[in-house]
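Below: one structure, written as structure tokens.
Values in this text are rule-based calculations from the coordinates and carry no lab data. For clarity, every value in this text was computed on a predicted model and none was experimentally measured. Cβ placement follows ideal geometry from the backbone for every residue including glycine, while neighbour counts extend to all protein chains displayed.
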Amino acid sequence: MHIDRPLRGALMKAFGLVGLNPWLTCRECVESVTDFLEGGLSPPDRARVLAHLKGCPDCPRYFRQIELTIRLAGSITAGSVPPGARAVLLDAFRDWHRAPEEET
Ligand SMILES: [Zn+2]
């Protein structure tokens with residue numbers, strides 16, 4: 001999963017310009033996934049997650065994966081999040097939010 005830098009910059013800029021605040025980071029979004037899918041989020045938090053999913057190229061895929069897991073397992077706990085998927089996603093998001101001076 002790779003998002004090239006110009007697209008990434010354009011997305012961040014676009015969302016900044018339309019004033020979608022507070023902007024939920026991918027990391028926050030991923031961390032809210034179980035609460036979101038189980039209906040544990042407050043309406044404002046739920047709206048923020050939905051807004052993020054609309055504009056994010058990656059999180060919807062992750063949510064779909066978790067949703068499938070829930071459907072198969074009947075319920076979900078932190079331990080039932082596919083460890084591989086979570087690690088890969090969190091890794092990608094770390095890269096996403098890396099400060100420019102840290103990039104090579
Ligand atoms: Zn995202």
* What net charge is computed for the residues neighbouring D35, neighbours being all others with C-beta under 10 Å from the C-beta of D35, Lys and Arg scored +1, Asp and Glu -1? -> -2
* Structure fact -> Going residue by residue through segment 43-52, the Karplus relation 6.51 cos²θ - 1.76 cosθ + 1.60 with θ = phi - 60° gives ³J(HN,Hα) values, rounded to whole Hz and with x marking Gly or Pro, of x, x, 5, 4, 5, 5, 5, 4, 5, 5
* Work out from phi, with θ = phi - 60° and the Karplus expression 6.51 cos²θ - 1.76 cosθ + 1.60, the ³J(HN,Hα) of each residue of segment 59-71, listed in order in whole Hz, and give x for Gly and Pro. => 4, x, 5, 5, 4, 4, 5, 5, 4, 4, 4, 4, 4
